Amino acid sequence: EPEVTQTPSHQVTQMGQEVILRCVPISNHLYFYWYRQILGQKVEFLVSFYNNEISEKSEIFDDQFSVERPDGSNFTLKIRSTKLEDSAMYFCASSDQGSGYEQYFGPGTRLTVT
Amino acid sequence: GQQVMQIPQYQHVQEGEDFTTYCNSSTTLSNIQWYKQRPGGHPVFLIQLVKSGEVKKQKRLTFQFGEAKKNSSLHITATQTTDVGTYFCAGSLHDKVIFGPGTSLSVIP
């Protein structure tokens with residue numbers, strides 16, 4: 001069964017450093033998402049991406065965040081200058097029909113900012 | 001902004017007992033999805049509800065969408081230890097997806 005993959009599984013970085021989290025969505029999917037989940041809390045929407053542009057973003061997704069689909073397979077989330085409060089699990093998801101339909105989540109990248 | 005609430009936050013049940021989680025949105029939803037997240041895992045899609053008053057069943061799980069399309073429920077009959085996890089409802093507004101805070105279910109064998 002096709003699945004969403006994410007790398008790395010765990011990233012440790014120092015405050016102020018830039019990080020890039022990588023995702024490979026399911027190949028025929030057109031809608032891509034990033035979510036974050038602080039330990040023990042709910043899943044928070046960050047951004048949705050379709051047709052090579054951001055279609056929606058949340059208040060969390062400020063100027064420190066950016067997303068890219070640099071080629072036909074990867075979907076990346078960049079955090080320019082990490083803060084301690086960025087420590088969380090980051091999930092990538094993809095869908096073939098849009099936000100109201102089944103989304104397939106990747107296994108997540110645990111980001112630890114020290 | 002749109003808010004999605006869920007109750008209860010936690011539920012501990014004896015294996016074999018039933019379990020229900022309730023989801024409420026501050027705005028009318030075009031549809032609602034339910035996800036399950038096992039401890040240490042990622043959210044896994046369970047179902048999507050679209051129509052007002054819709055009821056769908058998956059084995060021991062029954063999902064309902066309210067008539068006003070602002071609330072939903074998930075009911076599990078005769079829980080098993082494999083049901084352990086956090087159940088999230090999620091509503092979408094345009095291309096933004098808002099997850100509820102989830103209900104964490106533990107099942108005592």
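Starting with the highest mean, order B:77-83, A:74-80 by the number of other Cβ atoms within 10 Å, averaged over the residues of each peptide.
Order by mean packing, descending: A:74-80, B:77-83.
Compute the FRET efficiency between residue A:13 and residue A:97 as 1/(1 + (r/R0)^6), taking r as their Cβ-Cβ distance and R0 = 35 Å, and round to the nearest 0.05.
0.50
On a full-extension model of 0.36 nm per residue, what is the gain between residue B:77 and residue B:13, subtracting their alpha-carbon distance, rounded to one decimal in nm?
21.9 nm
Within 10 Å of each Cβ in A:92-99, how many Cβ atoms from other chains are there, averaged over the peptide?
For peptide A:92-99, the averaged partner shielding equals 3.
State, to one decimal in nm, how far the label point of residue B:3 lies from the label point of residue B:52, with both points 7 Å from Cα in the Cβ direction.
2.5
In percent, what relative contact order does the range B:4-102 have, based on Cα pairs under 8 Å that are 6 or more apart in sequence?
Reported as a whole number, the value is 36 percent.
In debye, nearest 20: dipole of chain B around its Cα centre with unit charges on the Cβ of K, R (+) and D, E (-)?
280
Using only the C-alpha atoms of chain A, find the volume of their convex hull and express it per residue in Å³.
101
If the only charges are +1 at each Lys and Arg Cβ and -1 at each Asp and Glu Cβ, what is the size of the charge dipole of the protein assembly as shown around the Cα centre, to the nearest 20 debye?
For the protein assembly as shown, the charge dipole is close to 280 debye.
For the protein assembly as shown, report the translational diffusion coefficient in µm²/s to the nearest whole number, using Stokes-Einstein at 10 °C, 1.306 mPa s, and a Kirkwood Rh over Cα pairs.
Value of D from the Cα-based Kirkwood radius: 89 µm²/s.
Using just the Cα positions, wrap the range B:31-80 in a convex hull and report its mean projected area in square nanometres, one decimal place.
3.8
Picking from A:104, A:7, A:94, whose Cα lies most toward the positive end of the charge dipole for chain A (charges on Cβ: Lys, Arg +1; Asp, Glu -1)?
It is A:7, whose Cα lies furthest towards the positive end.
Sort B:15, A:56 so that the residue with the fewest other Cβ atoms within 10 Å of its own Cβ comes first and the one with the most comes last.
B:15, A:56
Would you mind working out the magnitude of the charge dipole of the range A:5-113 relative to its Cα centre, with +1 at each Lys and Arg C-beta and -1 at each Asp and Glu C-beta, to the nearest 20 Debye?
My answer is approximately 300 debye.
Considering every residue in A:53-60, what mean count of other chain Cβ atoms within 10 Å of its Cβ is obtained?
2
Quick one: Debye curve from the alpha-carbon atoms of chain B only, equal weights, vacuum; give me log10 I(q)/I(0) at q = 0.15, 0.21 Å⁻¹ to two decimals.
Debye output, listed in q order: -0.57, -1.09.
Compute the Kirkwood hydrodynamic radius of the range A:50-114, taking the inverse of the mean of 1/r over all pairs of distinct Cα atoms, and give it in Å to one decimal.
13.4
Quick note: the coordinates plus some simple rules give every number you see, no bench work behind them. Nothing here was measured: the structure is a model prediction, and the numbers come from that model. Positions of Cβ are backbone-derived with ideal geometry, glycine not excepted, and every protein chain shown enters the neighbour counts.
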